[in-house]
Ligand code: SF4
């Protein structure tokens with residue numbers, strides 16, 4: 001019998017049937033107290049999940065908050081590699097993700113096995129990986145990076161040493177241009193979810209809104225193509241603000257622009273509109289919504305807290321090696337926030 005895509009494709013239907021009403025919020029808070037859990041939500045989560053969380057932010061900042069928190073359980077409302085990063089930095093805590101099927105197309109574009117084969121082809125090369133990678137890939141990595149510090153991380157490596165940069169090809173191209181480094185080899189991965197934020201669309205939206213500022217979040221796989229285009233001059237440089245999540249919210253409070261185009265996942269609009277309700281924020285591409293992020297539904301969060309699922313495990317040796325690659329990045333400085 002011929003196997004079809006439908007036979008093999010995983011079921012990614014989100015858990016449903018629960019409204020994010022006041023009773024739900026009360027129950028979530030009660031269960032979180034009972035479990036001694038801190039609730040973390042990534043900026044690209046559904047607004048109701050962001051609202052109920054104790055902390056909202058980007059992946060690395062949330063992982064660090066988790067490590068410093070006194071709570072014994074972390075409920076990470078984000079995608080799987082983010083919850084893994086929290087576990088890597090907090091090995092003694094219980095880490096739950098409300099739906100373990102919430103993956104990441106960018107993280108999935110490089111497996112540890114592929115990375116080992118690539119390393120074998122370039123003996124002696126230093127491996128630099130973006131935070132959007134699995135724990136297994138981080139364990140094979142020499143230095144982790146975010147988009148904020150990718151250039152600094154690569155610049156810290158002796159010029160005569162080959163560098164393997166993975167998995168995001170747009171960020172890799174940006175780093176290669178900035179460092180002028182010929183011995184930087186780039187893995188051809190990308191975030192397929194946001195392939196829609198492309199050059200012509202960005203240029204067209206900017207031309208149609210000449211007074212608007214353009215906020216580009218560099219710490220997201222989906223926006224690294226926009227980062228590259230801004231550097232190429234595809235959009236007017238004086239309007240382009242390349243900002244981390246925190247700086248994006250700060251800039252929203254400070255800007256005199258009446259409208260802002262935002263090139264990143266649409267979930268970010270929620271935090272920006274809260275920060276500056278008088279500004280008209282619009283997505284460069286309103287289809288830029290990550291289906292994996294949106295799998296963390298009110299029903300999934302309730303299930304997670306009620307049943308203590310889905311627990312994230314990273315074996316001790318993988319966690320130790322992965323943690324070393326994150327710590328090397330932090331030692332170089334200014335890690336920014338990851339996606
Ligand atoms: S937006 Fe793209 S890079 Fe970010 S979690 Fe979703 S699939 Fe991964």
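Scanning the range 39-64 for residues that are away from the ligand (no atom under 16 Å from the Cβ) and more than 14 Å from residue 87 (Cβ to Cβ) returns 39, 47, 48, 51, 52, 53, 54, 55. Summed over the range 283-316, the residues that are in contact (Cβ under 8 Å) with a residue 60 or more places away in the chain and surrounded by fewer than 17 Cβ atoms within 10 Å (Cβ to Cβ) give a count of 8. Taking the range 253-339 as the region of interest, the helices (runs of 4 or more DSSP H) fully inside it that hold 2 or more residues being more than 23 Å from residue 54 (Cβ to Cβ) and at pLDDT 95 or above are 316-332.
Go through the range 34-52 and give me each residue that's part of a loop (DSSP other than H, G, I, E, B) and either at pLDDT below 95 or touching a helix residue (DSSP H, G or I) at 6+ places or on another chain (Cβ under 9 Å) (or both).
Within the range 34-52, 43, 44, 45, 46 meet the criteria.
The number of residues in the range 254-280 being more than 16 Å from the ligand (Cβ to nearest atom) and buried (at least 23 other Cβ atoms within 10 Å of the Cβ) comes to 2. Consider the range 68-102 and keep the residues that are part of a strand (DSSP E or B) and more than 16 Å from the ligand (Cβ to nearest atom). The one that is surrounded by the most Cβ atoms within 10 Å (Cβ to Cβ) is 75.
The values are calculated or read from the model by the stated rules, or taken from the named source; none is laboratory data. The structure presented is a predicted model; accordingly, all values stated were derived computationally and were not measured. Note: ideal-geometry Cβ built from the backbone for every residue, glycine included; neighbour counts use all protein chains shown.
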